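Structure record follows, encoded as structure tokens.
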Amino acid sequence: MSQDFRLDNIGMVNRNKKISFTFNGKKYFGYEGDTIASALIANGVHLVGRSFKYHRPRGFFGVGVDEPYAILQLERNNERDPNIRATEQEIFEGLEVKSVNCWPSVNFDIGAINNFLKMFFPAGFYYKTFMWPPSFWYKIYEPFIRMAAGFGEASIKHDKERYEHKYEYCDLLITGSGPSGLASAYAAAKNGARVILAEDKPRYGGSLLTSDVNIGNQTGAEWSEKIITELKSMSNVIVKNRSQVFGYYDHNMLVMSERISDHLPKTQKYMPKQRLWYIRAKEVLISSGSIERPLVFGNNDTPGVMLSSAAKEYMKVYGVLVGKKPLIFTNNDSGYETAIEFKKNGVNPLILDTRKEPFSDIITEAKNLGIEIKFSHVVVAAKGYKKVKSADIAKISDNKKDLSNIENIECDCICVSGFWTPSIHLASQSGNKSEFNEKIDAFIPKKSKQKENTIGSANGKFTLEETINEAFDKGYEVSNKITENNNKVSIPTVVEKKSSEHDKFWCVPLPKGKSYKRFLDFQNDVAVTDIELALREGFRSIEHVKRYTTLGMATDQGKTSNLNGLQLVSDIENKVVPQVGHTTFRPPYTPVSIGVIVGREVGKHSKPTRKSPMHEWHEKNNAVFVDAGVWLRPRYYKQGNETLFEASKREAKNVRKNVGICDVTTLGKIDVKGPDAAEFLNRVYTNAWLKLPVGKARYGVMLREDGIVMDDGTTTRISENHYHMTTTTAQAANVLSHLEYYLQLVWPELNVNVVSTTEQWAGAAIAGPNSRALLMKLFPNSDVSNEGLPFMGYKEGDLFGTPAKIYRISFSGELAYEVNVESDYGNFMWEKIIEVGKEFQIQPYGTEALSTLRIEMGHVAGSELDGRTIPHDASLEGLVSKKKDFIGKRSLSRSAFTKPDREKIVGVVPLDKTTSIPEGSYIVKDPKAKLPNPKLGHVSASCWSVEYDNPFSLAIIKDGKNMIGQKLFAMSPLKNKTIPVEIVSSHYVDPEGKRVRA
Amino acid sequence: MLYIFCPHCGSRSQNEFAYGGDATVKRPELNKEISDQEWNNFVYLRKSPRGKHLELWHHISGCRQWIKVERDTSTHEIFKTYRADELTE
Ligand SMILES: [Zn+2]
């Protein structure tokens, strides 16, 4: 298909590189440097979508971030990318895009019936229409709304693209490379500041690329090219295009999304698609420019109605005509620049100017070029359904209330200009309360909250001379605060045409007997009548009007609609805009992909995976792993076709009968050192620590100040002033912070230091009746007899040349030891123990068997110490000292913790000795009691007792100590089970603890 | 994201720190007899002022020191930071 609307001698696209792409399955051609919008317009395509609510035809309205209509879905390599703005996405060979929000096709859209049912879709229609009956919501209303609405369809597949994050620091961040951005960057960079200049478009220069001006005897485009080339060559400057600064956060942290390869057909291996920059800037200059405001008239959403500045940019940057019979509708001089550009390219425009008799250089120039101008004229309504075919125009009275001489004239596009709205979003996000400027009928930033200044047209400076002077001054001033170099560059002279004042008129009244829809928000289909209705229904606050009508709440964040909405509300309420106030701007300024926010933190990269030094051995020996925090621990070692249940039973049995070995490297380990270490432990733990001799370990429980158990573990006195503390795997980090808190803030007088040694030691638990015999073979030179190394004893040993630490401690309830060696020797230790242990029938056991062993012994773990239990509840009250004070002690005497029927841990056995009790089951007296059935407590952990070969559980129940022997019920509504049970002691196996001392 | 000046390390991003709550709370001395109410106030009651507040932060991914930060809870302005052992004004 030929590019009928492409101009020959104008534009910045690369004519030597033709690119093909498909839109809704049809193939089109454009040039390198085209956006989807410019390439489609070059091909005469203006119908690209359907509107959100009424499904009215949608074309192109803008040329950049402000675009409310042309939201497309990009598809490549079977992946979908929804919410792509056609005005920003550059084309590449093989690009496939399609329309969204229309079904079955953009030309024939079933949802357009909404347009004829529009009495059902007024403001607040979701709230009103779809409320009753409630049962209809899920089944009928919501699916219908979902199918008919939305901006594309997200892919449910894993996104294979690569996204990155980057942190950067600079003296000065400048957001936007228009005249003010370039000038201030240049002034600051020359003054030695470290500058980042960010531009959201591919080309630098902003309005300089399209305006007819002269800076330092060069055209705007030439000057911007010169400045950007010099900035790029400077080592203290980072210049980034296709990069949108979308969020201004606390302490001058700004976030920018860089589109690195969105415009390329295929990304190279390791090349990211997008990159998120976290920029901490000492100072920020917001030079984000301004966006043209629409004029409001009947059917002003028809494809072919667009911003006049967009029409000009399509010509000057892309060499594309948006129409061949253009109508320019303006209330200021900007429309004339577009008209002149049309004329220069051989197209005759007609200008309708709402003003009566304005005079300025540019109006004179238009007249001299022979352009037809009708003053005091307006567009009443656009005509044509899928594309503008003509317009009803009229003369408007001086008071702007009455229309006369309505006539229909032919045209194929209507370029509107309702003056300019500064883009104050970033300033507003930083906390800057903006103020309304009567001169430009728009808000501009007021007083900086953070280290930020807004310059150029974003600050309401609409002449180039003002802009350039302000930018050079600010660039110098701000940079000099940081560098103090006093290096000021000279400001170039600026030549531009003088403009006349704009007309405050912006909304064309309806002619008698007509009810054209006049749209304010083009993306959310909010029309003048919707605002009027909201106000009639009593909504007053602009924040409420916004939410009720959804004005400015679409993905374009109301870039083209906010001010007109405010104007309308203030007109109806007979107020001025500042009295109405404006709604809050929130990040992101433009939609940002979820992928770039997540960055590289996907899959296994979302958190570290910690592996013990013996991990490879476990893998080779068929370990099935389980996540324990960030650690991977063997859950069981599978033999043949064993199930988890079978394997864990085998492993646990072998510990009870022979000897087992378990990787306990993951336990938290903390070195506690210093002359006051004993005193510190005495305050941290509930039991007494002052008299623990060197070479002995002790089990300890620590509480939070509220009396709840925080953690438990053994701590060993290695030497006079050196203790080795162990914590549970899960609480290791919290316990360290807890200890540091008390040492640094509460008891700084204690001379103690703590440091984590978790990663320094590899640990193996050797448990079972054969463990001592095995230990004797492992450490032939050490006395590990019951006398030489008694229960809770500690000694150092030599493991085939490797220094080892031997602790006689037990979690399994069997005779057991823990051997620690430096991490690098962990695998050596493990393999040696396995090798030597063969004759003692050693088998490795995983966390599942470990659980079984501790549950049937009644040893508590995380499932009992769950942040709700005090020592008494876990039967640890014997470890609570009555003599000394410790963290959390005072809480234990509170009435709720001392009441006689306080919860306590018990054992639970099913009466039939076969039915396993699901963890989390409730213990109740009467399974048939009226709901809610009063519960006595819950089952915290369940196992299959290998000692007695029947199910056994631990539960924490009310008045537990007096419940032993009672017949109750375990109910699991989740599993729909009710199991008759007997309450027994939690110490199910070896209640006297003979084995560990054997 | 806040930018917090650690007296030991310099200015660092918030994501290196863990929040530690009200820094004006004083733990009752060990072995001191106190009423239920006093203990309750210490364990559970915290001021949550709008405006200037002295709070604890733990430089958990840095020097592992607890520091005191004087911050405006509504604007996030940080006025001053102190070492754990420094007297606050
Ligand atoms: Zn620090």
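The values are calculated or read from the model by the stated rules, or taken from the named source; none is laboratory data. Everything quoted here is computed from the prediction, not taken from an experiment. For neighbour counting, all protein chains shown are included, and Cβ atoms are generated from backbone atoms with ideal geometry for every residue, glycine included.
Below, the figures for the structure above:
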{"item": "Selection count, region B:17-30, where residues are within 18 Å of A:Glu705 (Cα to Cα) and either facing chain A (nearest Cβ under 10 Å) or of a type in the set (A, V, I, L, M) (or both)", "result": "8"}
{"item": "Of the criteria (1) in contact (Cβ under 8 Å) with a residue 24 or more places away in the chain; (2) away from the ligand (no atom under 16 Å from the Cβ); (3) in a strand (DSSP E or B), which one B:Glu70 fails", "result": "(1)"}
{"item": "Any hit, region A:610-617, residues being of a type in the set (Ser, Thr, Tyr) and in contact (Cβ under 8 Å) with a residue 60 or more places away in the chain", "result": "yes"}
{"item": "Residues (of a type in the set (A, V, I, L, M) and under 30 Å from A:Val528 (Cα atoms)) located in region A:268-295", "result": "A:Ile291, A:Leu295"}
{"item": "Entirely in region A:647-717, the strands (runs of 3 or more DSSP E) that have 3 or more residues that are within 30 Å of A:Val946 (Cα to Cα) and of a type outside the set (S, T, N, Q)", "result": "A:659-663, A:697-703"}
{"item": "Matching option when the condition is surrounded by fewer than 24 Cβ atoms within 10 Å (Cβ to Cβ) and either farther than 22 Å from A:Arg355 by Cβ or within 14 Å of chain B (Cβ to nearest Cβ) (or both), among A:Lys389, A:Lys439, A:Lys400, A:Lys395", "result": "A:Lys389"}
{"item": "Entirely in region A:273-382, the strands (runs of 3 or more DSSP E) that have 2 or more residues that are in contact (Cβ under 8 Å) with a residue 40 or more places away in the chain", "result": "A:274-286, A:290-292, A:305-307, A:326-330, A:350-353"}
{"item": "Residues located in region B:1-16, provided they are in contact (Cβ under 8 Å) with a residue 12 or more places away in the chain and more than 9 Å from chain A (Cβ to nearest Cβ)", "result": "B:Phe5, B:Cys6, B:Pro7, B:His8, B:Cys9, B:Arg12, B:Asn15, B:Glu16"}
{"item": "Pair list, Cβ under 8 Å, 6 or more apart: region A:797-817 residue acidic (Asp, Glu), other residue part of a loop (DSSP other than H, G, I, E, B)", "result": "A:Asp798/A:Phe779; A:Asp798/A:Asn781; A:Asp798/A:Ser782; A:Glu814/A:Gly768; A:Glu814/A:Pro769"}
{"item": "Matching option when the condition is more than 31 Å from the chain's Cα centre (by Cα) and of a type in the set (Phe, Trp, Tyr), among A:Tyr167, A:Tyr186", "result": "A:Tyr186"}
{"item": "Test: residue in region A:609-631 that is among the hydrophobic types (A, V, I, L, M, F, W, C), more than 28 Å from the chain's Cα centre (by Cα), surrounded by 17 or more Cβ atoms within 10 Å (Cβ to Cβ) and at pLDDT below 95", "result": "no"}
{"item": "Number of positions in region A:855-898 that are over 17 Å from B:Ile34 (Cβ atoms), within 14 Å of chain B (Cβ to nearest Cβ) and surrounded by 20 or more Cβ atoms within 10 Å (Cβ to Cβ)", "result": "1"}
{"item": "Odd one out for A:Lys374, checked against (1) buried (at least 19 other Cβ atoms within 10 Å of the Cβ); (2) more than 17 Å from A:Trp506 (Cβ to Cβ)", "result": "(1)"}
{"item": "Selection within region B:1-53 - away from the ligand (no atom under 16 Å from the Cβ), surrounded by 14 or more Cβ atoms within 10 Å (Cβ to Cβ) and assigned to a strand (DSSP E or B)", "result": "B:Asp22, B:His53"}
{"item": "Every pair of residues 6+ apart whose Cβ atoms lie under 8 Å, when the first sits in region B:31-48 and is within 11 Å of chain A (Cβ to nearest Cβ) and closer than 11 Å to A:Ser891 by Cα while the second is of a type in the set (Gly, Ala, Ser) and part of a helix (DSSP H, G or I)", "result": "B:Trp39/A:Ser891; B:Val43/A:Ser891"}
{"item": "Top-ranked residue of region A:225-270 - restricted to ones that are in contact with a Ser or Thr (Cβ under 6 Å, 6 or more places away or on another chain) and modelled with pLDDT of 95 or more, ranked as surrounded by the most Cβ atoms within 10 Å (Cβ to Cβ)", "result": "A:Val245"}
{"item": "Residue in region A:789-800 that is of a type in the set (D, E, K, R), surrounded by 15 or more Cβ atoms within 10 Å (Cβ to Cβ) and in a loop (DSSP other than H, G, I, E, B) present", "result": "no"}
{"item": "Count - residues of region A:148-189 that are in the same structural domain as A:Glu477 (by TED's automatic domain parsing) and among the hydrophobic types (A, V, I, L, M, F, W, C)", "result": "10"}
{"item": "Per-region count, region A:251-308, residues among the β-branched types (Val, Ile, Thr) and within 14 Å of chain B (Cβ to nearest Cβ)", "result": "3"}
{"item": "Leading residue by the ranking (farthest from B:Tyr19 (Cα to Cα)) among those in region B:54-66 that are facing chain A (nearest Cβ under 9 Å) and part of a strand (DSSP E or B)", "result": "B:Trp66"}
{"item": "Filter pass, A:Asn786 being surrounded by fewer than 23 Cβ atoms within 10 Å (Cβ to Cβ), of a type outside the set (D, E, K, R) and either in contact (Cβ under 8 Å) with a residue 40 or more places away in the chain or in a helix (DSSP H, G or I) (or both)", "result": "yes"}
